[in-house]
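Any read-out appearing in this document is the output of simple, stated calculations on the displayed coordinates, not a laboratory observation. Fair warning: this is a prediction, and the values are worked out from it, not measured in the lab. All Cβ positions, even for glycine, are placed from backbone atoms using ideal geometry, and neighbour counts span all protein chains on display.
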Amino acid sequence: MPDEVVPPPEDRQLLSRAQAGEMAAFEALVESHRDKVFGLALRMTRSEADAAEISQDTFLSAYQHLKDFRGDAAFSSWVYRIAANHALMRLRHRRVVQAAEEELKGPEFTERGSLAAYPEQDWSRDAEEKALDAETGLAIQQATDRLPEGYREVFLLKDVEGLSYEQIAEVTGDSVPAIKSRLHRARLALREAIDQFYNRDNRAV
C-alpha cells in the first residue's frame, strides 16, 4: 500500500481557521501555494498571462468551495487539481479559437494589394547551431503539446513538477496504476517524436 499523503501541520491549521471564516488564514494558504500553482499553470499553458489568470481563478474557486473541502487530501493536492482543471479548460478554449482563426486566415497582402513577400534567411554557422538548439526545444515542446490531455497532464505533474504518483492520484482522481500507464505512454510518444526529429536531420545530411 502506498503511503498516504499527509498535509503539513501548518496547512491543516490554516485551513481550519480559513474554513471558520478567517480571511488572513486563507491569504496565508494562497501565499504558501501561489508560486507552485502559477508554475503548474505556466508549464501547462506556456503563457504567463494565462498562468496568472488561472492562478487567480484557482484560488477564487478554492475560496468559494472552501467549506466543501473535507480534508481527505492535502490542501496542496486539492488546489493543484483545481489549477489543472482550469488549465485544461483554457487549453481546450485556445484550440477552439485557433481552429476558428485558421479557417478565417488568408494570404497576407501589402498596402498596394500585392502578396506579401517573406525575407530570405541568411544564417551564419553559429546562428545555424543556435537555430538547431531552438528547433530541438521546439520539437520537444510541440511533441508535448500534441499529447492527449490526460497524458500531458500526468507527464507535466510527474516529470516536470516532480509530484509523486500518490499526489498525482489526488490531483487527477485516477488510480496509481492508471497514472503509471498514461505516463509510460506519454514518455514513449515523446521519445518517438524526438527520435523522428533526429532521424529527419540525419537524412538531411
Query - In Hz, Karplus ³J(HN,Hα) per residue of segment 141-152 (6.51, -1.76, 1.60; θ = phi - 60°; x = Gly, Pro) - result: 4, 5, 5, 5, 5, 7, 5, x, 4, x, 5, 5
Requested in this report: Compute the signed sum of charges (Lys and Arg +1, Asp and Glu -1) over the other residues within less than 11 Å, Cβ to Cβ, of A24.
Outcome: -2
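With r as the distance between the Cβ atoms of A24 and L188 and R0 = 45 Å, compute the FRET efficiency 1/(1 + (r/R0)^6) and round to 0.05.
E(calc), rounded to 0.05, equals 0.40.
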